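The values are calculated or read from the model by the stated rules, or taken from the named source; none is laboratory data. It should be emphasised that the depicted structure is a prediction, and the values quoted were computed from it without experimental measurement. We place every Cβ from the backbone using ideal geometry, glycine too, and count neighbours over all the protein chains shown.
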Amino acid sequence: MNWSKIEQLLTSLRLTLGLFCSIALYSAVGTFQTRDDGRFELYFQTPLFRFLIVLLAINMLFCTIKTIRRNLQDRNRHFATLAHAATSSWQISVPVDGIAAGLRRQGYLVQEEGDRLLAQRHLAGRWGSTIVHLSCLLIMAGALSSSLGFVGTIHLYNGDKTATYFDWSSQSDRPMGFEFRLDNFEPVYYPIELQFVALDPVSGQELATLTTREGESVQLPGGFSAKVLRYYFFEEDLVLNLYRGGQDLGIYHALGGKRSAESNPPLPMLLKPLAYRDPLVKQLRSEVSILKGGEVVRRGVITINAPLVYDGIAFYQTVYNRDKFGFWSAGFQLGRDPGEPLVWFGCITIVLGLVLAFFRPYQALGIVGQTLIPLAGFSGGSGETALKRLQADFTLETAVSRR
């Protein structure tokens, strides 16, 4: 089998359709197949599925090379077509120079070879499909190269650090090359709606019950007011900023039960939290540090959808927990994906290629003597309409007649 037959096989439409059908069938089976460990993605990392993707990439690569070669040979191929063109459906009864000038005004690039003229427009659009092909190859290369990276997990209590992570592929602890420390974690809640009560410190009689929420201010008996700064519902600690007559009296901790804070400013009443609405988590926030040789080289904050990236490794916030002693811990997923830049770049360029292909369609016309010959971009009824519109737009007087 010679090279031309191999190339013909690798660029055949039958091979492309066969690969697409095989990948679709394999993916359909994987979608509905259950796994004991619940990790469906492992099905699509099998050697057979990757082999099909590689075959499709080879098929697309050779098709792309073929289209690039075709685009580069457009000029010679069009002039060769014009050399053997004897008749056309369109006749122009004005000098060739007048036709060429009219085409240039319409944005065509006009080239001359002997007694033949070649007019081309939207040359960038000619490369639209090629850019789409190359973009798909980039995305596929990025997806396949992701196997060169890793994915792991870390779980730490506030203040703890580690130099290793648990690798999912090897099911073992692996070194990171630096230390990762969780300085502080706490969930961020939407403003909590709550009630607290003002009591007479001697008799315990209720003076007022106030309904408010975090961030709001309320009026207290005796001309006092308070702004609700924070409610720590686990600790039953309501933090208030007290005022009287515009004067800031300081921070007051209204504690649940029989507890009281010694640092509270003097107040002719006792404030106690009474009830609150179940809080809703707004965000998870972790303050972390990266250390090398015991020295901090990077500090950052990790939230949902806002990872910390260091040395090519991305740290994502995942789970959290509060143990029975009240200590917070947080879990992180970390990984390095060398193919991610290729995938993102391919996604951007594929959009560019589609825009060029659909909104800047390539058109080519040939002129031999007084004959106008459509070469590309004028097929079908819409192409004939475009030709008529093109003739009508000539500013020089032309006469177009239909044979």
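Which condition number does Val110 fail, the rest of (1) surrounded by 13 or more Cβ atoms within 10 Å (Cβ to Cβ); (2) farther than 30 Å from Ser170 by Cβ; (3) modelled with pLDDT under 90 being met?
The one condition Val110 does not meet is (3).
Can you name the residue in segment 162-182 that is touching a residue at least 60 places away in the same chain (Cβ under 8 Å) and surrounded by 15 or more Cβ atoms within 10 Å (Cβ to Cβ) and, of all such residues, is farthest from Arg299 (Cα to Cα)? Show your work before the answer.
Taking segment 162-182 and keeping what is touching a residue at least 60 places away in the same chain (Cβ under 8 Å), we get 165, 176-182.
Add one more test, that the residue is surrounded by 15 or more Cβ atoms within 10 Å (Cβ to Cβ), and what stays is 165, 176, 178-182.
Details: Tyr165: 19, Met176: 17, Phe178: 13, Glu179: 12, Phe180: 10, Arg181: 10, Leu182: 10 Å.
That would be Tyr165.
Go over the candidates Val288, Val281, Val301 one by one and state the one that is more than 16 Å from Thr153 (Cβ to Cβ) and at pLDDT 95 or above. Write out each step before concluding.
On the way: Val288 fails: more than 16 Å from Thr153 (Cβ to Cβ); Val281 fails: at pLDDT 95 or above.
Of the residues listed, the single one that is more than 16 Å from Thr153 (Cβ to Cβ) and at pLDDT 95 or above is Val301.
What number of residues in segment 304-341 are free of Cβ contacts under 8 Å to residues at least 40 places away in the same chain and farther than 20 Å from Val151 by Cβ?
Going through segment 304-341, the residues free of Cβ contacts under 8 Å to residues at least 40 places away in the same chain turn out to be 304-309, 312, 314, 316-317, 321, 323-325.
From what is left, the residues that are farther than 20 Å from Val151 by Cβ are 321, 323-325.
Summing the residues that are free of Cβ contacts under 8 Å to residues at least 40 places away in the same chain and farther than 20 Å from Val151 by Cβ in segment 304-341 gives 4.
Does any residue of segment 243-264 turn out to be hydroxyl-bearing (Ser, Thr, Tyr), free of Cβ contacts under 8 Å to residues at least 60 places away in the same chain and assigned to a strand (DSSP E or B)?
At the first step, the residues of segment 243-264 found to be hydroxyl-bearing (Ser, Thr, Tyr) are 243, 252, 260, 263.
Restricting the remaining residues to those that are free of Cβ contacts under 8 Å to residues at least 60 places away in the same chain gives 243, 252, 260, 263.
Those still in the list that are assigned to a strand (DSSP E or B) too: 243, 252.
Yes.
Given the residues Leu356, Leu372, which is the only one that is under 30 Å from Gln111 (Cα atoms), in contact with a Ser or Thr (Cβ under 9 Å, 6 or more places away or on another chain) and in a strand (DSSP E or B)? Steps first, answer last, please.
Numbers: Leu356 fails: in a strand (DSSP E or B).
Sole residue among the options that is under 30 Å from Gln111 (Cα atoms), in contact with a Ser or Thr (Cβ under 9 Å, 6 or more places away or on another chain) and in a strand (DSSP E or B): Leu372.
Could you please let me know if Gly300 is under 19 Å from Glu186 (Cα atoms), surrounded by 13 or more Cβ atoms within 10 Å (Cβ to Cβ) and small (Gly, Ala, Ser)? Spell out how you get there, then give the answer.
Details: under 19 Å from Glu186 (Cα atoms): yes; surrounded by 13 or more Cβ atoms within 10 Å (Cβ to Cβ): yes; small (Gly, Ala, Ser): yes.
Yes; evaluated as a whole, the condition is true for this residue.
Considering each of Phe224, Phe196 in turn, give the residue that is touching a residue at least 40 places away in the same chain (Cβ under 8 Å) and within 49 Å of the chain's Cα centre (by Cα). Give the steps one after another, and end with the answer.
Values: Phe224 fails: within 49 Å of the chain's Cα centre (by Cα).
Unique residue meeting the criteria: Phe196.
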